[in-house]
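Where a number appears in this text, it was derived from the coordinates with a stated rule and is not lab data. Only a predicted model underlies this, so the values are computations on that prediction, with no experimental measurement involved. Cβ placement follows ideal geometry from the backbone for every residue including glycine, while neighbour counts extend to all protein chains displayed.
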Amino acid sequence: MTERAVVFAGGGPAGLMLAGELALAGVDVAIVERRPNQDLAGSRAGGLLTRTIEVLDQRGIADRFISQGQKHQVPMFAGTSFISDLPTRHNYVLGLWQKHIERILAGWVGELKVPIHGGNVSARTPIAASTRRPQLSSRPSPPDQAELPHQSVY
């Protein structure tokens, strides 16, 4: 695999979304995933809440999810729905299984040219990572503190 600025271990919803966000910011990113594709055995998450849909809307991709899911007004406390009173365009819960959420997110990051290396990684595959200590001020650092490379293999 080519060197990247950031590599995410895991192509679930969090890894896919964060990889997309970094790609939009111009960061060279890739995802490594054990599974060969976004298929999931069994069920995991079953939907998206209001704030998540708002974030997806900010990225211009909410309609992809909305078109595949079902909107629900859900009683949240003592039979009363507080979601319907929220000042948002998305005052509902969207029923959508995680396998569909991941498939849609994978399509989005694919459009952003984020490579997903799937199926050829296992829990025992070594992934070399290196980091550099961030500069936190504009003042020059002492020579012994300038850039401290860190190497790790997971």
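Model label sites at Asn91 and Arg34, defined 7 Å from Cα along the beta-carbon direction, differ in position by 4.3 nm.
With the simple model of a label 7 Å out from the Cα in the direction of the Cβ, Gln73 to His100 spans 2.1 nm.
3J(HN,Hα) along region 66-74, derived from phi through the Karplus expression 6.51 cos²θ - 1.76 cosθ + 1.60 where θ = phi - 60°, amounts to 4, 5, 9, x, 10, 7, 9, 8, 10 Hz, with x in place of Gly and Pro. Counting every other Cβ atom within 10 Å of each residue's Cβ, Leu22, Leu94 order from fewest to most as Leu22, Leu94.
What's the FRET efficiency of Ala45 with Ala5 using the Cβ-Cβ distance as r and R₀ = 30 Å, to the nearest 0.05?
Numbers: r = 29 Å, r/R0 = 0.95.
Given R0 = 30 Å and the Cβ-Cβ separation, E is 0.55.
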